[in-house]
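J.: One structure coming up, written as structure tokens, with questions to follow.
The values are calculated or read from the model by the stated rules, or taken from the named source; none is laboratory data. For clarity, every value in this text was computed on a predicted model and none was experimentally measured. Cβ placement follows ideal geometry from the backbone for every residue including glycine, while neighbour counts extend to all protein chains displayed. Note: accessible area is taken over every heavy atom of the protein model, side chains too, but ligands, DNA and RNA are not part of it. Shrake-Rupley method; radii C 1.70, N 1.55, O 1.52, S 1.80 Å.
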Amino acid sequence: MNTRKTFRMDGRTIPFEDGQSIIDAALAAGEYIPHLCHNPEFTPHGSCRVCTVDVDGRMVSACTQPAAEGQQVVNNSDPVNHYRRRLLQMLFVEGNHVCPGCEKSGACQLQAVAYYTGMLAPHFTHFFPRREVDASHPDTVIDFNRCILCELCVRASRDVDGKNVFSISGRGIQSRLIINSNTGRLGDSDYDRADKAASVCPVGAILPKHQGYEVPIGERLYDQRPISVVGDVAQAKQGDNGDG
Amino acid sequence: MNPASDAGIFTERLLNEGGAQATDLLQYLCSIQQHYSCIPPQAVETLARVLALTPSVVLGVIEFYSFLHRTPRGQFDILVSDSITDQMLGSRDLLQRLCDRLGVCVSQPGSDGRATVATTSCTGMCDQGPALLINGQVVTRVDNERLDRIVALVQAGSPLEDWPQDWFSVSDNVYRRDQLLDEHSANGDSLRVLLDRGAADLLQELDDSGLRGRGGAGFSTALKWKLCRDASADERYVVCNADEGEPGTFKDRVLLQSWADTVFEGMTLCAGIIGARRGFLYLRGEYRYLLDSLHTALENRRASGLLGSAILGEPGFDFDIDIHLGAGAYICGEESALIESLEGKRGIPRIRPPFPVTSGYRNRPTVVNNVETFMAAVRIAEHGSAWFRSKGTAQSPGTKLLSISGDCRDRGVYEYPLGVSIEEVLSDCGADDVQAVQVAGAAGRTLPPAEFGRTLAFEDVATGGSFMVFDHTRDVLDVVQNFTRFFAHESCGFCTPCRVGGSLLRDLVDKLHDGHGSEYDIREMRDIAGLMQAASHCGLGHTAPAPVLDLLDHFPDVWRQRLAAGGFEPSFDIDAALSEAKQLTGRDHSGGRMGGDV
Amino acid sequence: MADKIRIATAPLAGCFGCHMSLLDIDERLLDLIEVAEFDCSPLNDFKRVGSADIGLIEGGVANTENVETLRDFRRHCRILVAVGACAVNGGIPAMRNQFDLRDCLEESYVNGIGVENPMIPNDPEIPLLLDKVHPIHEVVKIDYFLPGCPPSADSIWTFLTELIEGRPVSFPYTQIHYD
């Protein structure tokens, strides 16, 4: 066991298995690296870039970078935190994130990571895109205003549910989540509330109906304790997450 | 034609003829688009059913590529090349004239369904612009007179075959030849060398030559081929990257037009060395006009025993080449995005590692090289590494093709030994009074005269071949605006910094360009640019801010005189934001102009 | 008295909830008054900003009056603070940005249920609407942001005391929230 491979992160020695990413090794060792599109249950994606860390002087995403012997990783520094805040702010201005009007507020990973990094405002010029809300399904509502294109629902539906309900269309800033049905609406797709895809959304884009405010504001997942302590939305126990 | 009734049947037939592989999805879509000027819903349904994809995945592919559309584009789909060099030759006026004469708005089909007019990213005709693409065919050297005749033919509904054919001619315009361009033939000599000496020996020769990838990144070609050869796999692939999308680059187009044999031989040589049986030429959609001549060249090589089974009679030396078309997506020049596109998908760059040399097309080891690299490999096999090293520098042996455009006398292709100075190139092409040179395209460097003593080489100013000249009559901010808009348009949208940051940067450059930029905005640009360089998923995001940073660093006089007074300006035009309310209420704001007083 | 910190506050396109939250600091108001005095504010009903050290802005920018007030504050306040969700990102009022202004006005004043004498109001006294509601940092330079809908009295207190005492502003975890 003494021969186990390790890298260094912010002064701590982190053990890792061959093939493990920096983020998975760090999380396993109890070290939190902020992230949105990463979920250890799925193949690494690397799109949100919020898990950007400094590895031997180079910025890389910790979810796609394989851990390697002797790496020097900086997870907590002014430049790294600045980059992360700016990335989060980009996600906030790209969509329409009206936290006071969102059922997910308090149990939203975008919000929680933003709290963790000390983001006070979205900083950039808002895009105010015009996007739809799809309430066609009896159990679930999709609010495209809040989608951050993490593709967790795409991956869950494809890789776990075997349904391919979700996919990405468009390009660049026009990229958008679409639903596979003849009308493009969720109610006409194969989606079911028991699907894995129903429980992986880190934000308020895929929301269960009929339970919006069961957990009051103030008592929700991230209201009292930070995400570095509480963990991800997708890992929180059902009924514990207050996300309605 | 009636899209509603026969698009499904047409698609079925294409699928039957083509073997119905999901990896060919993009190729089917290109054919359907060409036939219907859109992808009708029945085609989407048929493709999805037969290829076992979901319709939403097919839609995702359609909406990724600029040349594919879900609604009809009109009988004549006219795209005006929007490269900065086309603009300098008057393309924007032509665009306006075209819309006026045809009575259409940009990107909207006219009510009669006759024509659509829109802009497109650089078509690679910078030496003979302004250029148009009409139903995928290139028209070069467009002036008002030619444009008016085009309008008349469009209005008459005259098929392209009946148009004057010289309009479609594309010239080589080669002004300087050296190691690569001095010879035209490629009749298998390099392949005979391979058979004589063996793959290991020839790979060593290639290694000795010091050949580095001509796409601009400069990775050792021999090492790439060796890594692929050594990777264990049941299949290997050779891919020629002819997605020449970097604005201002057109030398690959010339090679494919007049040296295609050599390019194909280079791919075959690579196949022989790494043990590949199948290769692809990924041809950008803008170069569709080359398809016929390229297919003929492939046929001739098959007939001569230089392609196909038992090449040169050697049992087991089997290799053939397919041509895959792109469909208007700059990102597909990135090798892993290109491979995704080859597989019929959206061109999203893959996570690396693994690199294509171990896991590329269909997750098999794949060599992806630039057109020019394959050509150089042929010449090295024929003439040896010492011959190759007789030109260029120690770190950058050999020659490099440059595509020269912009403000100079002789626009075209020049072959120089690497290590040539920018000054010398400028002098040779007849450029006077130069304000700036853009080397390596939009993703490259914008250099002022103080930097013209520098050399084109991997160890100094690396380049994939674009060389755009701007004299003092030009506004450098026009150039930077064009490039920044280009990158925002071409971002694949996968990662946050490039997708959002690229658009934020575009808006700030527009603001500065229009005289509303402030010192605060300059700091913002640097901040966003730094984030994009550090945190983007691929090279597009890493290089997209380069024109902005070069502007800020090298051309301070240009942007300083455009700054608005005061340290801060609103992010939007307040007067414009009031115009709708003024119109709705029929009154003016009593306080007059709101804009810009804080 | 002369060296007291001067605070001005203004409501733009918001609900006045942030001002209510400011009052929620309750008896701490007495502590505040020891070191600060109010320039113009809805709390004292002075209408025009004179000169202030700290300007607190609630609400986003929805019309010409908002623009003028905000600019006036920027000119006369040394430190300008965006207070609350609407000032920070447009908030609930900015949800109208999903629609054309014409549709909003016609829905309210022309097609709405129970509308009498349907017409889009055009009295010159009424400020003209911008086509979108904007957060205030898109119109003037903002020095500090205090998120929340509303920011809690505690976070307002933390912010004001640390700012007035010249310390770097930092909040305990539970005092940063966007809802």
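J.: Taking the stated definitions as given, is A:Thr125 of a type in the set (Ser, Thr, Tyr), within 14 Å of chain C (Cβ to nearest Cβ) and open to solvent by 20 Å² or more (accessible area, probe 1.4 Å)? I'd like the intermediate steps shown before the answer.
T.: On the way: of a type in the set (Ser, Thr, Tyr): yes; within 14 Å of chain C (Cβ to nearest Cβ): yes; open to solvent by 20 Å² or more (accessible area, probe 1.4 Å): yes.
When the stated conditions are applied, A:Thr125 passes them.
J.: Another question about this same structure. Name the single residue that is least open to solvent (accessible area, probe 1.4 Å) among those in segment C:123-132 being touching a residue at least 12 places away in the same chain (Cβ under 8 Å) and away from chain A (no Cβ under 12 Å).
T.: C:Leu128
J.: Right, another one. For segment A:155-166, what are the residues that are open to solvent by 10 Å² or more (accessible area, probe 1.4 Å) and either hydroxyl-bearing (Ser, Thr, Tyr) or within 11 Å of another protein chain (Cβ to nearest Cβ) (or both)?
T.: Passing the criteria: A:Arg158, A:Lys163, A:Asn164.
A quick yes/no check of all residues on (1) open to solvent by 40 Å² or more (accessible area, probe 1.4 Å); (2) at the interface with chain B (Cβ under 9 Å from one of its Cβ atoms); (3) over 20 Å from C:Ile7 (Cα atoms); (4) among the aliphatic types (A, V, I, L, M):
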residue: C:Asn89; (1), (2), (3), (4): no, no, yes, no
residue: C:Asn97; (1), (2), (3), (4): no, no, yes, no
residue: C:Arg102; (1), (2), (3), (4): yes, yes, yes, no
residue: C:Val110; (1), (2), (3), (4): yes, no, yes, yes
residue: C:Glu116; (1), (2), (3), (4): yes, no, yes, no
residue: C:Ile120; (1), (2), (3), (4): no, yes, yes, yes
residue: C:His134; (1), (2), (3), (4): no, yes, yes, no
residue: C:Val139; (1), (2), (3), (4): no, yes, yes, yes
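J.: If I go through segment A:182-220 residue by residue, how many of them are hydrophobic (A, V, I, L, M, F, W, C), open to solvent by 20 Å² or more (accessible area, probe 1.4 Å) and either more than 22 Å from the chain's Cα centre (by Cα) or over 17 Å from A:Cys150 (Cβ atoms) (or both)?
T.: Matching residues across segment A:182-220 total 3.
J.: Output yes when any residue across segment B:54-61 is away from chain A (no Cβ under 14 Å), crowded, with 21+ Cβ neighbours inside 10 Å and among the hydroxyl-bearing types (Ser, Thr, Tyr), and no when none is.
T.: Within segment B:54-61, none of the residues are away from chain A (no Cβ under 14 Å), crowded, with 21+ Cβ neighbours inside 10 Å and among the hydroxyl-bearing types (Ser, Thr, Tyr).
J.: If I ask for residues that are under 28 Å from B:Tyr289 (Cβ atoms), among the hydrophobic types (A, V, I, L, M, F, W, C) and in a helix (DSSP H, G or I), which ones from segment B:34-50 would you list?
T.: Hits for segment B:34-50 are B:Ala43, B:Val44, B:Leu47.
J.: Go through segment C:56-69 residue by residue and tally those that are facing another protein chain (nearest Cβ under 9 Å) and surrounded by fewer than 24 Cβ atoms within 10 Å (Cβ to Cβ).
T.: Of the residues in that region, 3 qualify.
J.: While we're looking at this one, here's another question. I'm trying to understand the selection: among the residues of segment C:141-156, which are in a helix (DSSP H, G or I) and open to solvent by less than 50 Å² (accessible area, probe 1.4 Å)?
T.: C:Ala153, C:Ser155, C:Ile156
J.: A follow-up question, please. So which of A:Arg171, A:Arg176 is within 9 Å of chain B (Cβ to nearest Cβ) and touching an Asp or Glu at 6+ places or on another chain (Cβ under 8 Å)?
T.: A:Arg171
J.: If you don't mind, another one. Take the residues of segment A:29-44 that are in contact (Cβ under 8 Å) with a residue 12 or more places away in the chain and open to solvent by 20 Å² or more (accessible area, probe 1.4 Å): which is nearest to the other protein chains (Cβ to nearest Cβ)?
T.: Going residue by residue through segment A:29-44, those that are in contact (Cβ under 8 Å) with a residue 12 or more places away in the chain are A:29, A:31-44.
Going one step further and asking which of them are open to solvent by 20 Å² or more (accessible area, probe 1.4 Å), we end up with A:29, A:31-32, A:40-41, A:43-44.
Details: A:Ala29: 23, A:Glu31: 19, A:Tyr32: 14, A:Pro40: 16, A:Glu41: 17, A:Thr43: 9, A:Pro44: 7 Å.
Checking each candidate, the answer is A:Pro44.
J.: Which condition does A:Thr13 not pass, out of (1) surrounded by 16 or more Cβ atoms within 10 Å (Cβ to Cβ); (2) assigned to a strand (DSSP E or B), if it passes all the others?
T.: A:Thr13 satisfies all of (1) surrounded by 16 or more Cβ atoms within 10 Å (Cβ to Cβ); (2) assigned to a strand (DSSP E or B) except (1).
J.: Restricting to segment C:1-38, count the residues that are within 15 Å of the chain's Cα centre (by Cα) and crowded, with 16+ Cβ neighbours inside 10 Å.
T.: Number of matching residues: 14.
J.: Moving on. Could you grab me the full set of residues in segment C:76-87 that are assigned to a strand (DSSP E or B) and open to solvent by 20 Å² or more (accessible area, probe 1.4 Å)?
T.: C:Arg78, C:Ile79
J.: A follow-up question, please. Quick one: which helices (runs of 4 or more DSSP H) sit completely within segment B:496-586 and have at least 2 residues that are under 22 Å from B:Val439 (Cβ atoms)?
T.: B:496-513, B:519-535, B:539-543, B:546-554, B:556-560
J.: With the requirement that a residue be surrounded by fewer than 19 Cβ atoms within 10 Å (Cβ to Cβ) and acidic (Asp, Glu), what does segment B:7-49 give you?
T.: B:Glu12, B:Glu17, B:Glu45
J.: What single numbered condition from (1) within 24 Å of A:Arg85 (Cα to Cα); (2) without any contact (Cβ under 8 Å) to a residue 60 or more places away in the chain; (3) surrounded by 22 or more Cβ atoms within 10 Å (Cβ to Cβ) fails to hold for A:Ser47?
T.: Of (1) within 24 Å of A:Arg85 (Cα to Cα); (2) without any contact (Cβ under 8 Å) to a residue 60 or more places away in the chain; (3) surrounded by 22 or more Cβ atoms within 10 Å (Cβ to Cβ), only one is false for A:Ser47: (2).
J.: Which ones in segment A:86-120 are of a type in the set (Ser, Thr, Tyr), in a loop (DSSP other than H, G, I, E, B) and within 8 Å of chain C (Cβ to nearest Cβ)?
T.: Scanning segment A:86-120 gives a single hit, A:Ser105.
J.: Hey, another quick one. Determine, yes or no, whether B:Ser390 is closer than 15 Å to B:Thr221 by Cβ and open to solvent by 10 Å² or more (accessible area, probe 1.4 Å).
T.: no
Here is a yes/no grid of residues against (1) part of a helix (DSSP H, G or I); (2) in contact with a Leu (Cβ under 6 Å, 6 or more places away or on another chain); (3) at pLDDT 95 or above:
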{"residue": "B:Ser405", "(1), (2), (3)": "no, no, yes"}
{"residue": "B:Cys408", "(1), (2), (3)": "no, no, yes"}
{"residue": "B:Val425", "(1), (2), (3)": "yes, no, yes"}
{"residue": "B:Val437", "(1), (2), (3)": "no, yes, yes"}
{"residue": "B:Val469", "(1), (2), (3)": "no, no, yes"}
{"residue": "B:Thr473", "(1), (2), (3)": "no, no, yes"}
{"residue": "B:Gln481", "(1), (2), (3)": "yes, no, yes"}
